[in-house]
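The values are calculated or read from the model by the stated rules, or taken from the named source; none is laboratory data. Note that the structure is a prediction, hence the values are computed from the model and not measured. For neighbour counting, all protein chains shown are included, and Cβ atoms are generated from backbone atoms with ideal geometry for every residue, glycine included.
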Amino acid sequence: MSGQTTARLEDSDCTCVAEGPLRLIPLQGSASGSGVLRDGLVLGRSPECALQIDSHGVSREHAQVSRQGPLWIIRDLNSTNGMYVQGRRAQHAPLQVGSVLRMGDSVLLVSRGAYASPQVTELATGLIAGPELALFLEPLRRAARADLPIVVTGATGTGKERVARAVHEWSGRTGPFYAVNCAAIPSNMAEAELFGYRKGAFTGASQGHLGHLRSANGGTLFLDEVAELSPEMQAKLLRALEDRLVTPLGENRSFSVDFRVVCATHNLLDANVASGRFREDLAARLSGLSVHLPSLKERRADIVSLFRYFLGRETHGHPSSMDGGLIEALCLYSWPKNVRELELLTKRLVALHGAAALKRGHLPPEITAGAIDVAGDEPAFFSRAEQDLHRVILALRDTGGNVKDAAKQAGVSRQRVYRLLAGRDMDALVRNAPMELSKKRAP
């Protein structure tokens, strides 16, 4: 229970713990090749692209990344369906950690993570984590076997108690994981609840009570909302932690205890000390390792992996398909209630739409408001055949109707040109070829 060494793991942006170059991680759609950002990186459907993206609505050469001083810039290469950065259509835009890029039905995320694609891992019993949280918690996992008290902070729904249970599991302690909600203990009963009492110690004590601290002996004591304890109880808790002794009410002897302490608060203990709500000496005793859990919006790769995990669970292993607009909107929403809100949204979607293909229009307005699409909720994508036919027609016009040269210019085989033109009046197509595809929706 000693806390002589102080270490901190408090980066609110969990990507800070990841090392390596910036890279584009596919969240939706099939991608192959290197997504590491470098000057001249081309994204598109063509096998010649450094990052080949085989998704509906992606052009052969869709976009290109370049370096401009300290900035990474992505530029649309006159693609058919456009490029969206942070939910807005853009001809060129800067990229940084957390940027969300959509091309056609594919969605990519800029990250420093060493993972190739978002996956869910069960780090411990009940602790389901996406790739970003898994990276963030790795130092805590390594420190779990050390006899360090730990303080876990974070907003509601970030999983503070589940992380505390994981620490207990990783620690190898054979005793119980014993959780106490300090905010729920009546102030006049706090000492009796925490330290226990013997039978007859006070009116109503018809039998003895072991107390929370002794109940955690040999295991892990989790003090949730520890900052809610009164100053008097903070002083008594400090003495018990220092002496490793507990004296129940009505007893004239003390009992030795051995447990690992993990505390949780909404705010850092330092902030509570500064405001006078928490004893500085107790904060120092508890803060062997301080971990501030990042919110869900700060780890966007986890949003998609957790959503797919919850969706698979709710549909008993048969998750619905989903479009890129939905994935984009999920990534750009702020998730004020964190993972709990995401889990409830998944239940809602399955309840309302069952096994149907999920689209962005199925999301509630408060979520889609964060990803404004100038083309509407369901952008018009052109099929691969339509895109190829358009390029072939323009190439035929440029080459005077020479199929061989047109196929080479359009980047398709002659056989495909003939298949695309089958049953069509080639002369009429070339004569009336528009410079832009019409805005009809692909079938």
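Of note:
- The stretch 275-309, residues that are within 17 Å of A329 (Cα to Cα) and not in a loop (DSSP other than H, G, I, E, B): L296, K297, E298, R300, A301, D302, I303, V304, S305, L306, F307, R308
- Residue selected from the stretch 259-275 under the condition in contact (Cβ under 8 Å) with a residue 40 or more places away in the chain and hydrophobic (A, V, I, L, M, F, W, C), by the criterion surrounded by the fewest Cβ atoms within 10 Å (Cβ to Cβ): L268
- Residue satisfying condition, being assigned to a helix (DSSP H, G or I) and either touching a helix residue (DSSP H, G or I) at 6+ places or on another chain (Cβ under 9 Å) or assigned by TED's automatic domain parsing to the domain that holds F278 (or both), within set A205, A179, A164: A164
- Qualifying positions in the stretch 49-79 - surrounded by fewer than 21 Cβ atoms within 10 Å (Cβ to Cβ) and in contact with a helix residue (DSSP H, G or I) (Cβ under 7 Å, 6 or more places away or on another chain): none
- Of the criteria (1) in contact with an Asp or Glu (Cβ under 9 Å, 6 or more places away or on another chain); (2) free of Cβ contacts under 8 Å to residues at least 12 places away in the same chain, which one D323 fails: (2)
- Pairs with Cβ under 8 Å, 6+ apart, first in the stretch 234-249 and without any contact (Cβ under 8 Å) to a residue 40 or more places away in the chain, second part of a loop (DSSP other than H, G, I, E, B): D243/S254; L245/S254; L245/V257
- Condition met for G157 (within 18 Å of T220 (Cβ to Cβ) and either among the acidic types (D, E) or surrounded by fewer than 21 Cβ atoms within 10 Å (Cβ to Cβ) (or both)): no
- Matching residues, the stretch 252-274, being outside any strand (DSSP E or B), more than 26 Å from T158 (Cβ to Cβ) and touching a strand residue (DSSP E or B) at 6+ places or on another chain (Cβ under 8 Å): S254, V257
- Positions within the stretch 396-418 being over 19 Å from P47 (Cβ atoms) and either assigned to a helix (DSSP H, G or I) or at pLDDT below 80 (or both), in sequence order: L396, R397, D398, V403, K404, D405, A406, Y418
- Residue check for L289: within 18 Å of V120 (Cβ to Cβ), surrounded by 22 or more Cβ atoms within 10 Å (Cβ to Cβ) and at pLDDT 90 or above: no
- Scope the stretch 220-240; condition closer than 23 Å to R253 by Cβ and either outside any strand (DSSP E or B) or aromatic (F, W, Y) (or both); matching residues: E232, M233, A235, K236, L237, L238, R239, A240
- Filter pass, R198 being on the phi < 0 side of the Ramachandran plot, among the charged types (D, E, K, R) and either modelled with pLDDT of 90 or more or out of contact with any Gly (no Cβ under 8 Å at 6 or more places or on another chain) (or both): no
- Qualifying residue in the stretch 237-254 (condition: within 17 Å of N181 (Cα to Cα), in the same structural domain as R173 (by TED's automatic domain parsing) and exposed (fewer than 15 other Cβ atoms within 10 Å of the Cβ)): no
- Test result for G98, assigned by TED's automatic domain parsing to the domain that holds S59, farther than 23 Å from K297 by Cβ and either buried (at least 17 other Cβ atoms within 10 Å of the Cβ) or under 17 Å from the mean Cα position of the chain (by Cα) (or both): no
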